[in-house]
Amino acid sequence: MIYFKYKQDHNVQVNGDGRKVLYVDIQPEKACIFNCIVCTRGQTKYQGEWHDFGPHEESLADLRAKIAEVKPDIVEIYGQGDILTNVHLEEIIDCIHGEGKPVRLITNCYLLGIGEHMRVVCKCEEVVGAFGIVDEEAFKKYHRPLPELNFSAEKQTESLVNFCNNYKGKFKLRVFFSKGFNDSDETVAKIKGILERLTFDSLWVISTSKLTVDDGRIAEVARELHADE
Ligand code: SF4
């Protein structure tokens, strides 16, 4: 069964920098480490550190054919939930590299600097990652991690620091803000302190689409964090 999907009807788009991008969604259903209250994908169906969607050989063959057909400059892999939980992620990255194309990966940041996840993600030429909730109580209420996995805001920071110390590719970092969870001056200062421990190529500040933070506050925060336009 082929379960990879290509973004909307446009399987290739041109980046701002002129590169042709092939966008491929590698997850047929939502699998994520979190079950966030703001998630636009609804409840997490498969919540945990790893998930296996089953045989993927036909999907890999389809991806190879798609790359040969559209000849992108880069392949972006994303998916419902967090693709770092996908047990086949490394094979998918290797498949794209086997066709001579660089890989950009989209993820939340939690698993980036952790064990096997970090080893796999370090194979990608570009990573786009997002985080934002840095207070422990808010972290539990917002991300609703499985208690048995003992995830915490502090471990998220250490994971990010570890990743930045090891990753050699291009890292585009996004910090998201949600009303009442991380938009206070105090929390913004805490986020600023974390950013000072990280290395990245660009920084975007955004509001989540639920629990929206207004544009004026986002602009203030962006200035405070020295974010890119
Ligand atoms: S990390 Fe992202 S995909 Fe996963 S539950 Fe939260 S908002 Fe949804």
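What ranking, highest mean first, results for peptides 204-212, 64-72 when packing means the other Cβ atoms within 10 Å averaged over each residue?
The most tightly packed comes first, giving 204-212, 64-72.
In the chain, which cysteines lack any other cysteine Cβ under 4.7 Å from their own?
CYS32, CYS95, CYS109, CYS122, CYS124, CYS164
Under the Kirkwood approximation for Rh and a Cα-based Rg, what ratio Rg/Rh is obtained for segment 5-224?
0.96
Over what distance in Å are the Cα centres of segment 25-61 and segment 156-229 separated?
Measuring centre to centre over Cα atoms gives 25 Å.
Counting only helical runs of four or more DSSP H residues, what would the 222 nm mean residue ellipticity of the chain come to if each run contributes -39,500 (n - 2.57) and the total is spread over all its residues?
-9500 deg cm²/dmol
I need to check one value: relative contact order of the chain, counting alpha carbon pairs closer than 8 Å and at least 6 residues apart, in percent.
17 percent
Computed from the coordinates by the stated procedures, all read-outs in this text should not be read as laboratory data. As the structure is a prediction and not an experimental result, all values here were calculated from the model. As a convention, Cβ positions derive from the backbone with ideal geometry for all residues, glycine included, and neighbour counts pool all protein chains shown.
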